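The values are calculated or read from the model by the stated rules, or taken from the named source; none is laboratory data. Just so it is clear, the structure is predicted and the values come from calculations on it, not from any experiment. All Cβ positions, glycine included, derive from the backbone under ideal geometry; neighbour counts span all protein chains shown.
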């Protein structure tokens, strides 16, 4: 029985076995995957740009409203200073509510003792180290 099986395999023509589809080149497959990923990333970036462009504020007041500062006063509550032309409004912001707390002329924010003027992280870090070692 065993000899018959071996003979049947040996009787198959060699070209019939080798006619199966050739394996795709690994470099070509990798290139296709990279090109597909590039198309998806380009579509995402384009969609985000279009969304930003559509949802941008339009009109005369678009550039005259600015958030100056804010502080958290609760888990979901904040006090925010908003600049409108030459006026600062102090408003309380909570989920579903915005209340005007105070109105004052446009001014300057004083530097807090914890943070030096500007956004110099190195100076802030040095100040914190000195306080810790003192």
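Can we say residue 100 is outside any loop (DSSP other than H, G, I, E, B), touching a residue at least 24 places away in the same chain (Cβ under 8 Å) and in contact with a strand residue (DSSP E or B) (Cβ under 9 Å, 6 or more places away or on another chain)?
On the way: outside any loop (DSSP other than H, G, I, E, B): yes; touching a residue at least 24 places away in the same chain (Cβ under 8 Å): no; in contact with a strand residue (DSSP E or B) (Cβ under 9 Å, 6 or more places away or on another chain): yes.
Criteria not met by residue 100.
Scan 59, 63, 46, 74 and give me the residue that is closer than 30 Å to residue 106 by Cβ, out of contact with any helix residue (DSSP H, G or I) (no Cβ under 6 Å at 6 or more places or on another chain) and modelled with pLDDT of 85 or more.
Working: 59 fails: modelled with pLDDT of 85 or more; 63 fails: modelled with pLDDT of 85 or more; 46 fails: closer than 30 Å to residue 106 by Cβ.
Checking each option against the conditions leaves just 74.
Suppose we filter region 108-134 for residues that are modelled with pLDDT of 80 or more and touching a helix residue (DSSP H, G or I) at 6+ places or on another chain (Cβ under 8 Å); how many remain?
Matching residues across region 108-134 total 0.
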